[in-house]
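Below you'll find the structure, written out as structure tokens, and then a few comments.
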Amino acid sequence: MAQNSPAQPALSWTVVGQGAIGLLAASRFKLAGWPVQLWLRQPAPVDICFNQQPLHFAYATVPLTAVLIPVKSYAVLSAVQALLPVLTPDAQLVLSHNGMAATEHILPLLGPAQGLWFITTTHGALKQDATVHHTGQGQSVLAPLNAAAKNQHLAVQQAMDIALGPVKLTDNILPFLWHKLAINAVINPLTALYNCNNGELAKVQYQQQINQILTEVCQVAEAAGYPLQYEKMLEKVQQVIQSTAANFSSMQQDIIHKRRTEIDAINGYIVTQAARYNIAMPFNTQLMQQVLQLQHRTRD
Ligand code: PAF
């Protein structure tokens with residue numbers, strides 16, 4: 001990775017927050033010799049141990065030219081609103097979260113030369129206190145969401161290849177988001193409810209539930225115009241379970257740390273979409289309710 005990185009990156013990157021995926025990306029930038037800084041609620045530097053290496057991240061100095069925003073779906077709008085006053089007129093913003101991208105409120109906030117992107121990733125990362133582990137090799141799909149992004153595609157693609165690569169570039173992120181949604185709809189609620197790592201889901205006792213969830217997701221994806229082949233999808237889910245076996249999913253971690261989960265944007269999104277097409281979703285509805293109950297219990 002480091003050998004292929006240019007001596008002078010075209011853009012200087014800032015990562016928002018200190019979640020597992022954000023710190024994975026920031027660490028990979030740093031280890032590839034790229035300058036990178038963090039934008040946090042509390043303006044302070046951050047020291048972590050990444051894959052057993054101590055790394056130091058400075059707090060962001062403004063203005064910001066290129067920003068990776070790997071915050072939860074429900075926090076994206078307020079994160080972008082907070083960034084707006086410190087962005088350069090041609091800044092590039094890359095969103096990354098589980099669930100569907102809801103960018104209709106974000107695009108109108110940006111200037112004509114400010115690019116908006118989305119990157120969806122299957123990398124697994126786990127943060128425990130100040131330690132971050134890259135727990136699962138994955139891959140990512142990156143898409144420009146406006147014209148200003150398309151003009152900068154080489155620089156952003158090169159950077160995302162370092163941070164969350166290997167990266168595939170696409171013009172239409174939606175099929176990939178449905179694909180990732182199917183993976184998250186299985187792994188995230190089950191690991192949260194059974195309080196287990198992703199690898200546990202390879203056991204025979206979970207296979208019936210996995211099949212039930214996935215069958216429903218494939219039905220609604222088809223109705224929405226993004227068909228997913230059940231057999232292929234099942235194989236992909238099993239692959240992610242294997243490749244991130246040691247990882248605790250983001251939803252399991254949210255429950256453990258008494259945080260709000262992304263259930264609304266994952267199984268909740270599936271249930272809402274299904275209602276539009278009059279498709280019954282008993283398993284996803286039940287899962288959603290169970291996770292919501294668990295979330296209320298742990299956060300009270
Ligand atoms: O949300 C997560 O934890 C991740 O998207 C994934 C790929 C399921 C790995 O844990």
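None of the figures in this text is laboratory data; all of them are computed from the coordinates on show. Since the model is a prediction, treat every value here as computed from it, not as a measurement. Glycine also receives a Cβ, built like all others from the backbone with ideal geometry; neighbour counts cover every protein chain displayed.
Observations on the structure shown:
- Principal-axis tilt of helix 20-31 within the chain, Cα atoms, nearest 10 degrees: 40 degrees
- For the stretch 174-226, the Kirkwood estimate of hydrodynamic radius, built from reciprocal distances between every pair of different alpha carbons, is 11.6 Å.
- Expected 222 nm ellipticity per residue - DSSP helices of 4 or more, -39500 (n - 2.57), all of the chain, to 500: -13000 deg cm²/dmol
- Across every direction, the projection of the convex hull enclosing the Cα atoms of the stretch 13-172 has a mean area of 8.5 nm².
- By the count of neighbouring beta-carbon atoms within 10 Å, fewest first, ASP264, ASP161 end up ordered ASP264, ASP161.
- When peptides 195-202, 37-44 are sorted by average Cβ neighbour count within 10 Å, with the highest value leading, the order is 195-202, 37-44.
- The chain: angle of helix 174-193 to the longest principal axis, Cα-based, in degrees nearest 10: 70 degrees
- Isotropically averaged projected area of the stretch 7-47, using the convex hull of Cα atoms (one quarter of hull area), nm²: 3.0 nm²
- Using the alpha-carbon positions of the chain, Rg (one decimal) and Dmax (whole number) come out as 18.7, 55 Å.
- C-alpha long axis of helix 282-299 to longest principal axis of the chain, angle in °: 60 degrees
- A cut-off of 5 Å between modelled amide H atoms, ignoring neighbours fewer than 5 places along the same chain, links GLY124 with THR135, GLY136, GLN137, GLY138.
- For the stretch 146-300, convex hull of alpha carbons as volume per residue, Å³: 136 Å³
- Over the stretch 175-299, relative contact order from alpha-carbon pairs under 8 Å, at least 6 apart, %: 34 percent
- Intensity falloff of the stretch 229-297 expressed as log10 I(q)/I(0), Debye formula with alpha-carbon point scatterers, at q = 0.15, 0.20, 0.29 Å⁻¹: -0.63, -0.99, -1.14
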